[in-house]
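The values are calculated or read from the model by the stated rules, or taken from the named source; none is laboratory data. Keep in mind it's a predicted model, so treat the numbers as computed, not measured. Ideal geometry is used to build each Cβ from the backbone, glycine not excepted, and the neighbour counts take in all protein chains shown.
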Amino acid sequence: MSDAAKDQSNHEQQEMLPLFSATDTGVRMTSLQPGHRVGRASPLLPWLLAAALLWALAGSVPYGTLLGLGPTPEISKLLGHPVTVGAAVVLLFVAIGVTGGLYSRADQQFGQIRVAGLYATLAVAGGLFASAGVLLLWTLTSNLSRPFDLEAIATSPTIPPELGAVIGACFALLAVIVLLRLPGSIAHARRRQADIQRLRMEGSSFIGTLTAVNFTNSWLLNDPMFKVEVSYTAGDAPRVVLARMRTSADRVPVIGSRILVLTDDRGTTQLELDPSNGAAFEPDKGKYAAPEG
């Protein structure tokens, strides 16, 4: 097997393992794949810009035709042409694919689906706002005599540009909110990854045992959430760590599973399933599956 195939196999295996956190829960739970360094934002910038641009291009057609943001009748007719609509549909599927790639790469970089979700949301909201903003500005500057009146949304017999402006403003607000939240989320993910990296290199390592697995009757992206207890011995003294666990429905470790406990003098704790001893998972794979609908 080639080195690239081995790396891919190891990556897929790590993705299937449960994620533990003694400090965070839900979307803030953070991982760091063995051998990976703390995540960086710079590799994601080209993907973010590409996704935003594709959403802007795909969004120009509905903005121009359905929401009345065509600067001239000729351009409005062009945007509503079947060929243009077909191209916009193709761009939409490409935009969805590139945004999915952005999400996956952000998750790989920072090991946190909260950061990945913010990146994807920023690409969509930023691109659609840019499209609406350009078309609105072009529409208003092409007809300076036309007043901009929000009351036209309720009184105009046709769809007015003001409606497109309001929808564009909603996307702008969403993009601003994401921009305000993203730096703090990235900083949190990087701190947690730095803690994990430091514990693996310098922390004290103990072999623990999974002694309790309590299902919380909640799911995150179809992954069931649990409260768990891990028991281990440090200096002849028994200790217990309480943590959250997120995993796939077919990768729920059974009680008695071997858990690697990493700690330091600061009180930071990291739990990792130890697959080297032959990890055993819940045999009923549908027991914790997310409900449909």
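Kindly provide the set of residues from the range 260-286 that are under 26 Å from the mean Cα position of the chain (by Cα) and not assigned by TED's automatic domain parsing to the domain that holds Val230, ordered by number.
Within the range 260-286, the subset under 26 Å from the mean Cα position of the chain (by Cα) is 268-273, 285-286.
Once the filter is applied, which keeps residues that are under 26 Å from the mean Cα position of the chain (by Cα) and not assigned by TED's automatic domain parsing to the domain that holds Val230, the range 260-286 yields Lys285, Gly286.
Restricting attention to the range 34-52, does a residue exist that is touching a residue at least 12 places away in the same chain (Cβ under 8 Å), among the aromatic types (Phe, Trp, Tyr) and more than 15 Å from Asp107 (Cβ to Cβ)? Looking for residues that are touching a residue at least 12 places away in the same chain (Cβ under 8 Å), among the aromatic types (Phe, Trp, Tyr) and more than 15 Å from Asp107 (Cβ to Cβ), one finds none in the range 34-52, hence no. I want to confirm something. Restricting to the range 234-247 and keeping residues that are in contact with a Phe, Trp or Tyr (Cβ under 9 Å, 6 or more places away or on another chain) and surrounded by fewer than 13 Cβ atoms within 10 Å (Cβ to Cβ), which single residue is farthest from Thr30 (Cα to Cα)? The residue in question is Pro238. Give me the pairs, please: first residue somewhere in the range 59-72 and on the phi > 0 side of the Ramachandran plot and at pLDDT below 75, second residue anywhere and of a type outside the set (A, V, I, L, M, F, W, C) and surrounded by fewer than 23 Cβ atoms within 10 Å (Cβ to Cβ), beta-carbon distance under 6 Å, and either six or more positions apart or on two chains. Qualifying pairs under 6 Å: Gly68/Pro160. Between Ser218, Ser248, Ser257, the distinction of being of a type outside the set (A, V, I, L, M, F, W, C), over 29 Å from the mean Cα position of the chain (by Cα) and under 29 Å from Arg114 (Cα atoms) belongs to Ser257 only.
The conditions of being of a type in the set (A, V, I, L, M), without any contact (Cβ under 8 Å) to a residue 24 or more places away in the chain and over 23 Å from Gln33 (Cα atoms) are met by Ala237.
If I filter the range 186-195 for residues that are touching a strand residue (DSSP E or B) at 6+ places or on another chain (Cβ under 9 Å), under 18 Å from Ile255 (Cα atoms) and surrounded by 12 or more Cβ atoms within 10 Å (Cβ to Cβ), do I get at least one hit?
Step one: filter the range 186-195 for residues touching a strand residue (DSSP E or B) at 6+ places or on another chain (Cβ under 9 Å), giving 192, 195.
With the extra rule that they be under 18 Å from Ile255 (Cα atoms), the set shrinks to none.
No - not one qualifying residue is present in the range 186-195.
Per the listing Pro283, Pro291, Pro238, the residue uniquely assigned to a strand (DSSP E or B) and farther than 15 Å from Phe20 by Cβ is Pro238.
Residues that are assigned to a helix (DSSP H, G or I) and surrounded by 12 or more Cβ atoms within 10 Å (Cβ to Cβ) within the range 76-87 comprise Ser76, Lys77, Leu78, Leu79, Thr84, Val85, Ala87, listed in sequence order.
Identify, from the list Val90, Val61, the residue that is surrounded by 13 or more Cβ atoms within 10 Å (Cβ to Cβ), touching a helix residue (DSSP H, G or I) at 6+ places or on another chain (Cβ under 9 Å) and either assigned to a helix (DSSP H, G or I) or not hydrophobic (A, V, I, L, M, F, W, C) (or both). Result: Val61 is the single residue among Val90, Val61 that is surrounded by 13 or more Cβ atoms within 10 Å (Cβ to Cβ), touching a helix residue (DSSP H, G or I) at 6+ places or on another chain (Cβ under 9 Å) and either assigned to a helix (DSSP H, G or I) or not hydrophobic (A, V, I, L, M, F, W, C) (or both).
Of all positions in the range 214-230, at least one carries a residue that is surrounded by fewer than 15 Cβ atoms within 10 Å (Cβ to Cβ), of a type in the set (A, V, I, L, M) and within 30 Å of Lys287 (Cβ to Cβ).
Based on this model, can you work out whether Leu260 counts as in a strand (DSSP E or B) and either touching an Asp or Glu at 6+ places or on another chain (Cβ under 7 Å) or surrounded by fewer than 13 Cβ atoms within 10 Å (Cβ to Cβ) (or both)? The answer is yes for Leu260.
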